[in-house]
Amino acid sequence: MKKTKNWYDYLWIASALYLILGLFNILFAWLGMICFITPLIIAIVKGNKAYCNKYCGRGKLFQLIGGNFGLSRKKNPPKFLSSKWFRYGFLTFFMTMFMLMIYNTYLVFSGMNLSETVTLLWTFKLPWNWTNTSIVSPWIAQFAFGLYSIMLTSTILGFATMILFKPRSWCVYCPMGTMTQGICQLKDREKTTERPLVEEF
């Protein structure tokens, strides 16, 4: 029997559309904050990883291209990708780059010139000066350039692991997945601590 599709099965469209819109207008990059905030809210409020399991458009995009279209070797990823030291190490590196992006935004807010570039893999700077950013404050545009750089870089890393291993191998070491998992583990510990003791008679 054919499996019934749910609305969230089509969220890969949102992920693909985000990348395309950013090519034409970098200010659409601000929409990427939804992917940062929503998983954390769900983990804090619900205490689970529903976003990763159901609503992540990027994961569904990888599954579609790698699984349905067969552009994946479908091999198990190496064990080090799922190891705690690598996942939390990559999360630390990712958050360092995110804080650096915030700092650059602050510098532009303070008067430094806007850098109209997208930095790919945190190394290669791609000129993006065809985008009209004069309609907003320079710091708003700077944040958009930085956020799109992070989103594009992480997508490329996801595509690379999708091709080499299983379609959703990116999910194994995704920084947001690591953060939400940590939050869920903390909430589980709180529930265990708050559980009333049973009196013995």
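The values are calculated or read from the model by the stated rules, or taken from the named source; none is laboratory data. Remember, it's a predicted structure, so these values are computed and weren't measured experimentally. In this analysis, Cβ positions are derived from the backbone assuming ideal geometry, glycine residues included, and neighbour counts consider all displayed protein chains.
Observations, loosely collected:
- The set of residues from segment 83-121 being touching a residue at least 12 places away in the same chain (Cβ under 8 Å), assigned to a loop (DSSP other than H, G, I, E, B) and surrounded by 12 or more Cβ atoms within 10 Å (Cβ to Cβ) comprises 114, 115, 116.
- Residue list for segment 117-146, restricted to those being modelled with pLDDT of 85 or more and touching a strand residue (DSSP E or B) at 6+ places or on another chain (Cβ under 7 Å): 117, 118, 119, 120, 125, 126, 145
- Residue within segment 20-27 that is closer than 26 Å to residue 178 by Cβ, surrounded by 20 or more Cβ atoms within 10 Å (Cβ to Cβ) and touching a strand residue (DSSP E or B) at 6+ places or on another chain (Cβ under 9 Å) present: yes
- Test: residue 149 is closer than 23 Å to residue 20 by Cα, assigned to a loop (DSSP other than H, G, I, E, B) and either modelled with pLDDT of 95 or more or touching a strand residue (DSSP E or B) at 6+ places or on another chain (Cβ under 9 Å) (or both): no
Every residue, every condition in (1) touching a helix residue (DSSP H, G or I) at 6+ places or on another chain (Cβ under 6 Å); (2) among the aliphatic types (A, V, I, L, M), yes or no:
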site	(1), (2)
23	no, yes
37	no, yes
42	yes, yes
70	no, no
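- Close contacts from segment 53-77, counting a first residue that is at positive phi and a second that is modelled with pLDDT of 95 or more, with Cβ to Cβ under 8 Å and a gap of 6+ residues or different chains, come to 74/66; 74/165; 74/166; 74/167.
- The listed residues are 135, 163, and the only one of them that is among the β-branched types (Val, Ile, Thr), over 19 Å from residue 18 (Cβ atoms) and in contact with a Lys or Arg (Cβ under 9 Å, 6 or more places away or on another chain) turns out to be 163.
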